[in-house]
Each structure stands twice: as structure tokens, then as C-alpha cells.
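Reading through the C-alpha cells given below for one structure.
The values are calculated or read from the model by the stated rules, or taken from the named source; none is laboratory data. Treat the numbers as computed from the prediction; the structure is a model and nothing was measured. As a convention, Cβ positions derive from the backbone with ideal geometry for all residues, glycine included, and neighbour counts pool all protein chains shown. These accessible areas exclude ligands, DNA and RNA; they are computed on the full protein's heavy atoms, side chains included. Shrake-Rupley method; radii C 1.70, N 1.55, O 1.52, S 1.80 Å.
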Amino acid sequence: MLWLTYAWGLVAAQATGWPALTTTQPQIAPDRAVVELSRPVTLGEFRAMCTAVGDCLYSIPELNVHALRLAPGLSPRRAVERLRQFPWVKWAEPDYLLYPAYTPNDPLFPQQWDKAIVGAPDAWDVTKGSPDTIIAILDSGVMLDHEDLAGQFVPGWNVQDSNTNVYDDFWHGTRVTGVAAAIMDNSKGIAGMAPACRYMPVKVLKGGTGTLTDLAAGLLWARDNGARVCNVSLASPGTAPQLEAAVRACVASGVVVVAGAGNTNDLTRQYPAAYSEVISVASSNSSDNRGWNSTYGSWVTVAAPGQDLWSTGLAAPPGEYRNSTGTSYAAALVSAEAGMIYGLLAQPGERAEWLALAVRQIIETNVVPKSWVKYGRVNVNSAVRNVFVDLSGRVTLGSWEGQTAGVVLQLQLRVPGTQTIAETQPIRLGADGSYTARFRRSGTYDLLISGGTWLRSGFSSVTLRRGPSNYDFTLVNGDVNQDNVVDILD
């Protein structure tokens, strides 16, 4: 468990310094501990446990985890020793510092090269996102009244204060948000990657500081309040069971979790990016090489532009524009890409684990290969144009003397070895028997076609890939005696 904190101000005693971003050892939060309980407890037992070390800051009921604020002068190590004496405590640990994945660079740079290199202008011809897709930004909050962001948000949550005050008191969250959310075609500032999506600020940092437990709570709050994508532009060299559990719970509910890989300029695994369920993102530069300080390695899923990116700044309204560097901004771009894909793939109001996994697969398979990450640098234009499995071909109706034009049949995907139909699409034949069909699911299925009195035909265990494919079918009319039913008399 690690503190969510920024590159300055790890703790109050270090508030004036800029600690190195190459930290590889967890750093303990000075006034926090966290416990998981092994059984239900009485109110008296719970109070006894909390007062032994300080008080309860907040709880995460789904994980049975409680974040504790320590009494002045009590060290985390000593607090953990006390907590472990209670027989109902399953485990007790310090909370640790978590770092945002950023390196600010203020000199102005007059081009949004990042949007061009991933093919955004062409992708925007397909989609700019959907208002049905909510992207949660778990960070330091956001400047809600920035001229290039106002109106882009749904209600958010302040985890540490347990209220709705999500105003950015640090600046990092506002810059991260702008990469994805900045309004397009308003003659102001910059264009975000997915400006038509809606954004949910989840403030897990207060004054630039928070913990992994705060992040876990924020992820679950975002999930419970409708987010389809969660952006985490924060990184830590240490892990925590409650954070990993929260990530898994989000993905199981259909939420895509994206995180910056960190700015360590080495192979060090950072969390939550290194969890297998997370899309981890390294940063690239305008030459399409690795960003100068980006963490990298085969454990990192993809890369995206993250060096010298224009975004929204935190100066007083109407707001400013800043040029910044780091995997924070690369992650935000990929979160926006995930939102664009999700909006194309899902029905209104729909969210499911298979959709989250499909979005991830589309991102991973539409890349420019790079040796310093697992898959490559994202190609948003290719991704949004290969969301669906598009089938076409011709259907031959055997023993049929009528017109094929207008004949309606059913094309189905069946799970091999079962009778389970995964997806069905109606098709209407042309005069030459031609058809087209668009499926949301890819993978290996039995491909079946049927309708009316036509006997079912198709292919078994076909691997369907996103993009165009061609399949021809031959159907036989089973209604030999023409009584409009296929039965034993035929």
C-alpha cells in the first residue's frame, strides 16, 4: 500500500523538495495504517481497535478494509504492532506513498503532435466518444470552471473528505484531464482526445497526497457510479492487497482500468500499472521513440504520446494551458481511446466484463510495434475502425426458385461444443444473395445461418477477428411438402 502523492511534497517535512522519480522502494505514509478484518465485529470491538491507534478515516465495506488515521506521535510500525494484537484483525499494514506519473515541463510548445501521430483527426471522423461513456479521472481533482473543460463533467467524489468537493488543489488532475476531455471546436485552447465522453473527477489526493487505500476506495466509487473507464495517472513501486482487489472488482464489473507505467527510466514495476488486469502505459515522444524518463519493459502493455503534451493548466479562470511530460498524460490519452472504443461497442447503459476485455484487446492489437513495451504504441485511428467483426458474402438458397432479394435470415455465433448462442444478427439478402453483418464479439465460435424453413448451415470453430471477413453459405429448403413447417413428413 503506497501513498498517492506527487513529485513534490511526499510528506509535510519534505514539502519544499523535488524527490527523485526513480524511487524503487516503498515509502511509508507517516500517519496511516490499514487493516482487513477476519470476521464481523461489534461496535465496541471496532472502537477499541481504532482508538488503540487513533481513529478510522474511512472504510471500504466491499473489501472489509479500514483506513486508519494515527494519533500524533504514533509511528506506523508501532500502530501495526498494536493492531495485530486484536484477534479479529486478518492483517494490518502501513499505508505507503504513491507517486503520480508526471514530469512537468512548462515551456510552450505550439503543436499537439500527440493527436496527429496516433491518427486522431481520422479517428474523429468515426467517433469523438459518447456521452453514454463516463471516464473517471482518479487524481487531485479538476478545475471545473476551466474554459476548455467546463460542462464536461458528471458529479464526482472526494475520497479523503467524503464529500463532493473535487476542486483541484494541486494541478496534476487538471492537466491529466485536459489531454482527454478538452472541448473541441470552441476556438479555445486545445482539443481533447475524446471530448464527447463525460468525465468523473474522483479526488483521491488532498494537497497532492493520498494512499493506495484512497485509490482503492476511489476505484470502487467510480465503478459504483457508472464509470466505464478509470484513469490512474499515479504510480507506486509497492503493491497492496486492497488495491489489487479493487482493480479486479472493477474489471469484473466491466470497467477498463488504465494506469501510467511511471517515470523511473528503467524496468521497475509500478502499481497499479503492473497488475495484469490494468492497461499499463509508457510514454513516447514526437519522434515515436520512448519518452526520456518513461518506465518501460515487457510488463508494460502499450505506449502512447506523453512527452511535451499540451494540456489545461490550473491558473485562475478562465484557465491556462501548459506543456507537460510523463506517463500521466500518456495514460490519459489511452483512457480516452478506451472510452471512444467502449462507446462504439456497447449498447446505451451497457457495461460488462466481456466489453472491458474487448476494449483492451482492440487497443492492444491496433498498435505500431515498439520493442520497449509488450505490444506497441497505440494507433487510435486503426482501433476505432476495427472495433467490429464485419462479415459479408453470399448465401445460396438451394431448391429455391423465388427471389432472394429481401429474404431475412439469422446469422448466429454459438459457443463451440454447446448450444449457447453468444450473439445473433439478422441479415437481409440482396438480389444476388449478398449479405452483410456486424458483430460485437470476436473469438472462436460456430458461425450458423438459418431462417424460416431453411435448414441450418454454417462453419464450426471459426476464429473471428475484428475487421472485415468473407463467408459464403449454402442453405437447403427443408419444407419439401411445402406445408410451411419442417417436420417428419418432409
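Limited to segment 340-353, what total is found for residues that are of a type in the set (Gly, Ala, Ser) and either closer than 15 Å to residue 366 by Cβ or surrounded by fewer than 20 Cβ atoms within 10 Å (Cβ to Cβ) (or both)?
2
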Condition check for residue 324: open to solvent by 10 Å² or more (accessible area, probe 1.4 Å) and either of a type in the set (Lys, Arg) or in contact with a Lys or Arg (Cβ under 9 Å, 6 or more places away or on another chain) (or both): no
In segment 378-392, residue nearest to residue 342 (Cα to Cα) [restricted to those that are part of a strand (DSSP E or B) and open to solvent by 10 Å² or more (accessible area, probe 1.4 Å)]: 390
Filtered residue count, segment 397-412, keeping only those that are in contact (Cβ under 8 Å) with a residue 60 or more places away in the chain and open to solvent by less than 30 Å² (accessible area, probe 1.4 Å): 3
Selection count, segment 451-480, where residues are open to solvent by 20 Å² or more (accessible area, probe 1.4 Å) and outside any loop (DSSP other than H, G, I, E, B): 15
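Tell me, which residue of segment 413-441 that is part of a loop (DSSP other than H, G, I, E, B) and free of Cβ contacts under 8 Å to residues at least 12 places away in the same chain is nearest to the chain's Cα centre (by Cα)?
420
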Matching residues, segment 242-258, being open to solvent by 10 Å² or more (accessible area, probe 1.4 Å) and either part of a strand (DSSP E or B) or closer than 23 Å to residue 208 by Cα (or both): 244
Residues being within 17 Å of the chain's Cα centre (by Cα) and either open to solvent by less than 50 Å² (accessible area, probe 1.4 Å) or of a type in the set (Asp, Glu) (or both) - total across segment 123-140: 10
Long-range neighbours under 7 Å by Cβ, at least six apart or interchain, first residue within 12 Å of residue 28 (Cα to Cα) within segment 88-112, second open to solvent by 50 Å² or more (accessible area, probe 1.4 Å) and modelled with pLDDT under 85: 96/26; 96/27; 97/27
Matching residues in segment 224-250 - criterion: being among the aliphatic types (A, V, I, L, M) and touching a residue at least 40 places away in the same chain (Cβ under 8 Å): 227, 229, 232, 234, 235, 240, 243, 245, 246, 249
Strands (runs of 3 or more DSSP E) wholly inside segment 122-227 that include at least 1 residues being closer than 20 Å to residue 351 by Cα: 134-139, 198-203
Flag if residue 41 is surrounded by fewer than 17 Cβ atoms within 10 Å (Cβ to Cβ) and either modelled with pLDDT of 90 or more or not in a strand (DSSP E or B) (or both): yes
Residue within segment 46-59 that is surrounded by fewer than 21 Cβ atoms within 10 Å (Cβ to Cβ), aliphatic (A, V, I, L, M) and modelled with pLDDT of 50 or more present: yes
Any hit, segment 141-159, residues being among the hydrophobic types (A, V, I, L, M, F, W, C), touching a residue at least 12 places away in the same chain (Cβ under 8 Å), open to solvent by less than 10 Å² (accessible area, probe 1.4 Å) and in contact with a Cys (Cβ under 7 Å, 6 or more places away or on another chain): no
Segment 71-95 - residue that is buried (at least 17 other Cβ atoms within 10 Å of the Cβ) and in contact with a helix residue (DSSP H, G or I) (Cβ under 8 Å, 6 or more places away or on another chain) and, of those, nearest to residue 37 (Cα to Cα): 89
